[in-house]
Every structure is written in C-alpha cells, then in structure tokens.
Amino acid sequence: NPYAGLVSRLRAAWLSGKTRPVEYRVGQLEALGRFLVEKKQDILEAAALDMGKPSFEAYFTEILLCKNELNGTLNNLSHWMKDEHVDKNLVTQLDSAFIRKDPYGVVLIIAPWNYPIHLFLVPLIGAIAAGNCVVVKPSETTKNTERLIAEMLSCYLDNDCFAVVTAGVQETTRLLENKFDYIFFTGTPSVGRIVMTAAAKHLTPVTLELGGKNPCYVSDVCDVQNVARRVAWGRFFNAGQTCIAPDYVLCSVEMQEKLMPALREAITEFFGSNPRESPDFGRIVGDKQFRRIRALLCSGRVAIGGQTDEKERYIAPTVLADVLPSDPAMQEEIFGPILPIVVVANMDEAIDFINARPRPLAVYAFSCDSKVVNQVLERTSSGGFCGNDTLMHVTLTSLPFGGTGNSGLGKYHGKFTFDTFTHHRGCLHRNMGLEALNSLRYPPYTQQKLGLLTATFEIKRKGMCTLL
C-alpha cells in the first residue's frame with residue numbers, strides 16, 4: 001500500500017507520546033493561527049481561482065470562522081483536557097472515579113471542495129486539541145486550494161505528526177485501506193457509504209458530515225421582505241454550494257405570489273440587475289457540477305433568473321415556481337443557485353412533506369408566530385434547526401453541527417470537535433486496602449450478602465419512598 005509507510009510513521013510518533021502534552025497541542029494550534037494570518041491573501045486568491053468565491057465570503061467562512069474555532073479551543077483546551085470526576089456509589093466513596101480524555105491515535109480527515117479551508121481546518125483543530133496525529137486529504141476538485149494546503153501546511157505543523165495527502169478517487173480508496181483510529185469525512189451520502197464500509201473493515205469509528213435537501217417552510221404570517229432577503233442570502237451564498245443552504249421553499253400559493261417580487265428585489269439588491277457582472281456572486285466549481293445543476297432548470301417554471309454560461313460556469317440566481325415533488329429539482333440535493341418553491345396548503349402539509357423524506361442537515365421555518373416555528377421544530381427531525389433565518393446557526397461554536405440519518409453521523413464545532421476526536425475513557429482507581437468492604441461480593445453467596453450489596457449499590461429513583 002503506497003500510504004502504509006506514512007501511516008506507520010505517524011503511528012510511531014503518536015505512540016511516543018509526543019502529541020499528548022498540552023504545551024505541544026497549544027504550539028501546533030498557534031501555528032495554525034499563523035497559517036491563517038500569514039497566508040490570508042493566498043487563501044482568498046485560491047478560493048477566487050477555484051470557484052470565483054467573493055473575497056468577503058471567503059474571508060468570513062475560510063478565515064474568520066476558523067479563527068473563532070481556533071481561539072475558542074485555545075481559550076478552553078486546558079479545561080477540556082482535565083479528568084472529569086463523576087458520582088460514586090457507597091462502595092467506591094473512598095476511591096477515585098473519573099473520565100480520562102484520551103486521543104484516539106492516528107486519524108484521517110477527508111475534506112470537500114465547497115469550503116476547502118474551513119472544512120479541513122475546523123476538524124483538524126479539534127483533532128490536534130485532542131492529542132491525535134492526523135492525515136489530511138483535501139479535495140482534488142479545488143486544485144489551487146489543494147496545492148496551497150499541500151505546500152504550506154508542512155511549513156507550520158510538525159511533519160512527524162501531521163501529513164497532507166493529495167489524492168483522487170483511486171488513491172483515496174487505497175488510503176482508506178490503512179487502519180486509522182478515527183475517520184472524519186465531509187461529502188455526499190454515496191461516498192459516505194464507501195468511507196463507512198472501508199472503516200468497518202478495521203472497526204474504525206467515523207464521523208460523516210453529509211448533506212441533503214434542507215426544507216424551508218414560510219408561513220402566511222411573516223415579514224415577506226425579511227424572509228426573502230434571508231432566504232436569498234442563504235441560498236445564493238457561495239453560489240448555492242453550501243450543504244446547509246435552504247434547498248427548497250414550502251409555502252402556500254398566496255405566499256408564493258408575495259415572495260416572488262420580494263425575492264426578485266432581494267436578488268437585485270444583492271447582485272445588481274445582472275448578477276453575472278457582480279463581484280459578489282461566485283461560480284460553479286466544475287464542468288460536471290455545472291451540467292448537473294443546469295439540468296435541474298426544467299423543473300416547474302423559471303420565475304427569476306435561469307441564465308447560464310457554460311464557459312464561465314455561471315448559473316444566475318434562480319427561483320423556480322410551482323415545482324412538483326416529482327420534478328428533477330426535488331430528486332437530489334441541488335447544491336447550486338437554484339431555489340424551487342413547492343406549494344403546500346398549510347403548515348401540517350409542510351411538516352408531512354418534510355417527514356416523508358430523508359432527514360435533512362437543516363430545517364428552516366419562518367413565521368411571526370413563534371408557535372408555528374416551534375411546531376416545525378417539535379414535529380420534524382434534522383441535523384440542525386434555524387427559525388426565521390438561514391445558515392446562522394452554524395456560526396455558533398456553542399452549538400453542535402452534524403447530520404442525522406441520511407444527512408450524517410456525529411457532530412463537531414467548538415468543544416464538540418474536541419469530544420469527537422477524544423476517547424472518553426472511564427476510569428476507577430480503587431484503594432488497595434479496606435478489603436472487608438469487598439467481602440460482600442465474594443463467594444460463598446448468601447441472602448444476607450445480597451441484601452447488603454443491594455443497599456450499597458442500588459440507585460433509587462428520586463421522590464420515591466420505600467414502603468416498609
């Protein structure tokens with residue numbers, strides 16, 4: 001296997017204990033901070049070359065949010081690493097019971113192309129904080145960013161413990177044949193299944209950050225202009241290539257009529273009368289992705305936008321009206337700047353529509369009536385939820401981010417990333433003496449011993465009284 005030597009080298013470094021001291025972890029994390037500061041311009045230029053990403057969007061997602069993760073981790077790492085002492089029963093009152101935060105060992109992070117810095121760096125921050133050695137596999141689709149990561153990261157991190165592998169599909173398949181102690185994958189459900197199958201051969205735990213069709217319910221009682229701006233921003237940010245973007249709108253036919261002019265106004269406000277000329281609107285990452293997204297324009301009727309340019313990989317911010325559940329745009333995650341609107345009679349029908357489909361990465365609900373927002377929250381299931389806005393829940397490091405069911409497995413961000421890359425090891429350190437206390441559990445067994453054992457081990461429900 002072409003990667004066996006690399007994995008063995010990192011495993012030897014991990015077994016040496018090099019990554020365990022807090023000082024080492026802090027040093028490597030601070031080096032990542034220097035990477036973000038010193039290579040800021042390179043990161044922005046690579047993002048622009050790869051997918052026409054506006055520098056505003058690139059700075060916000062690829063640099064600012066990563067700095068937040070980094071600084072939050074550095075501020076709290078010593079506390080997160082400490083043993084966590086837990087409750088004890090009568091028998092173990094004189095002993096020490098605690099949770100030790102152990103690193104897994106050598107972990108693999110496979111990153112996608114849509115946020116190529118953010119989606120490798122945030123898991124890497126947690127993996128380093130937890131004390132692991134790491135192999136990072138950036139996406140080969142965003143060539144300029146991949147080259148930047150491959151050439152520059154080794155200048156900042158300890159090469160004995162951290163490595164970047166540039167690989168296509170075939171090479172990644174070979175990479176996955178190696179035994180890792182944890183695998184963190186961000187991508188599509190179809191590739192997620194391949195990763196999980198490879199991990200199962202070594203019984204390796206995984207986090208799968210996948211995608212899905214994120215529904216956005218808009219009730220009849222709302223501020224239409226605010227809804228239009230927030231939905232348009234979430235859908236057309238990064239030219240729609242965002243795993244938590246609102247994938248389609250569910251609303252009544254009356255609300256559809258009100259939303260159309262408001263969405264048209266919002267798109268013009270954001271990108272001008274010709275979004276192709278706007279410096280604030282990106283491009284589709286590749287030709288294959290462009291053709292796939294363009295084919296979805298036949299769904300419903302094009303109410304706004306619809307213009308395309310294959311040479312530029314440009315697809316205008318587009319809204320499709322009167323889309324049917326059977327239309328092509330409703331059969332797969334769009335992952336582009338197209339927003340279908342599906343008409344439903346009411347909130348109950350919208351909730352039934354959502355629940356009849358695979359669980360999405362996010363559910364959005366808009367209403368001036370908080371009871372409506374809470375009903376959508378309580379009666380649906382998804383990785384995350386945001387009421388009266390889109391995307392913003394992902395900016396909080398205090399909230400777990402991850403999918404459920406078809407949209408993924410596991411969670412991260414902030415302390416959740418540290419916990420993801422940490423084995424929580426249950427530990428009991430007993431007193432060597434006081435053997436008389438242990439005699440209750442030793443043979444020969446008697447009813448009297450069982451009664452005393454029950455009295456010392458039993459957990460009683462609070463508020464329950466014992467009838468004598």
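Evaluate the following for residue 25: is it part of a helix (DSSP H, G or I) and surrounded by fewer than 16 Cβ atoms within 10 Å (Cβ to Cβ)? Considered against the rule, which asks whether it is part of a helix (DSSP H, G or I) and surrounded by fewer than 16 Cβ atoms within 10 Å (Cβ to Cβ), residue 25 comes out as no. State whether the residues of region 319-327 include one that is at pLDDT below 95 and assigned by the TED database to the domain that holds residue 390. For region 319-327, residues at pLDDT below 95 and assigned by the TED database to the domain that holds residue 390: present. Show the residue pairs meeting these rules: Cβ distance below 6 Å; 6+ apart or different chains; first residue within region 440-460 and outside any loop (DSSP other than H, G, I, E, B); second residue modelled with pLDDT under 90 and open to solvent by 100 Å² or more (accessible area, probe 1.4 Å). These pairs meet every condition: 456/90. Take residue 253 and decide whether it is surrounded by 23 or more Cβ atoms within 10 Å (Cβ to Cβ), more than 17 Å from the chain's Cα centre (by Cα) and not basic (Lys, Arg). When the stated conditions are applied, residue 253 does not pass them.
Quick one: in region 352-373, which of the residues that are part of a helix (DSSP H, G or I) and without any contact (Cβ under 8 Å) to a residue 40 or more places away in the chain is surrounded by the most Cβ atoms within 10 Å (Cβ to Cβ)? Within region 352-373, the match that is surrounded by the most Cβ atoms within 10 Å (Cβ to Cβ) is 373. The combined condition, being under 30 Å from residue 59 (Cα atoms) and either open to solvent by 40 Å² or more (accessible area, probe 1.4 Å) or in a helix (DSSP H, G or I) (or both), is not fulfilled by residue 376.
Among the residues making up region 261-289, those that are of a type in the set (A, V, I, L, M) and either open to solvent by 70 Å² or more (accessible area, probe 1.4 Å) or farther than 14 Å from residue 230 by Cα (or both) are 284, 285.
Examine region 81-94 for a residue that is assigned by the TED database to the domain that holds residue 180 and closer than 30 Å to residue 288 by Cα, and state whether such a residue exists. No - not one qualifying residue is present in region 81-94. Quick one: would you say residue 18 is open to solvent by 60 Å² or more (accessible area, probe 1.4 Å) and in the same structural domain as residue 179 (by the TED database)? So residue 18 fits the description; yes.
Put simply, of 64, 15, 94 the only residue that is under 29 Å from residue 243 (Cα atoms) and of a type in the set (A, V, I, L, M) is 64. Criterion applied to 302, 323, 342 was being more than 23 Å from the chain's Cα centre (by Cα), surrounded by 14 or more Cβ atoms within 10 Å (Cβ to Cβ), assigned to a loop (DSSP other than H, G, I, E, B) and aliphatic (A, V, I, L, M), and the one residue passing it is 323.
Residues are listed down the side, and each one gets a yes or a no for (1) hydrophobic (A, V, I, L, M, F, W, C); (2) under 29 Å from residue 22 (Cβ atoms); (3) not assigned by the TED database to the domain that holds residue 285:
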site	(1), (2), (3)
351	yes, no, no
371	no, no, no
376	yes, no, no
398	no, yes, no
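Scanning region 53-110 for residues that are among the hydrophobic types (A, V, I, L, M, F, W, C), open to solvent by less than 50 Å² (accessible area, probe 1.4 Å) and not in a helix (DSSP H, G or I) yields 97, 98, 99, 106, 107, 108, 109, 110. Considering 186, 166, the condition of being within 16 Å of residue 4 (Cα to Cα) and open to solvent by 10 Å² or more (accessible area, probe 1.4 Å) is satisfied by 166 alone. Can you tell me which residue is nearest to residue 25 (Cα to Cα) among those in region 131-171 that are part of a loop (DSSP other than H, G, I, E, B) and either free of Cβ contacts under 8 Å to residues at least 12 places away in the same chain or within 18 Å of the chain's Cα centre (by Cα) (or both)? Checking each candidate, the answer is 159. Keeping to region 416-445, report how many residues are open to solvent by less than 80 Å² (accessible area, probe 1.4 Å), within 19 Å of residue 81 (Cβ to Cβ) and either in contact with a helix residue (DSSP H, G or I) (Cβ under 9 Å, 6 or more places away or on another chain) or among the charged types (D, E, K, R) (or both). Total satisfying the criteria: 7.
Residue 124: assigned by the TED database to the domain that holds residue 21 and either surrounded by fewer than 21 Cβ atoms within 10 Å (Cβ to Cβ) or under 14 Å from the mean Cα position of the chain (by Cα) (or both), yes or no? Judged against the criteria, residue 124 is a match.
The values are calculated or read from the model by the stated rules, or taken from the named source; none is laboratory data. Computed from a predicted model, the values in this text were never measured in an experiment. Backbone-built Cβ (ideal geometry, glycine too); neighbour counts: all protein chains shown. In case anyone asks, the SASA skips ligands and DNA or RNA and just uses the protein heavy atoms, side chains included. Shrake-Rupley method; radii C 1.70, N 1.55, O 1.52, S 1.80 Å.
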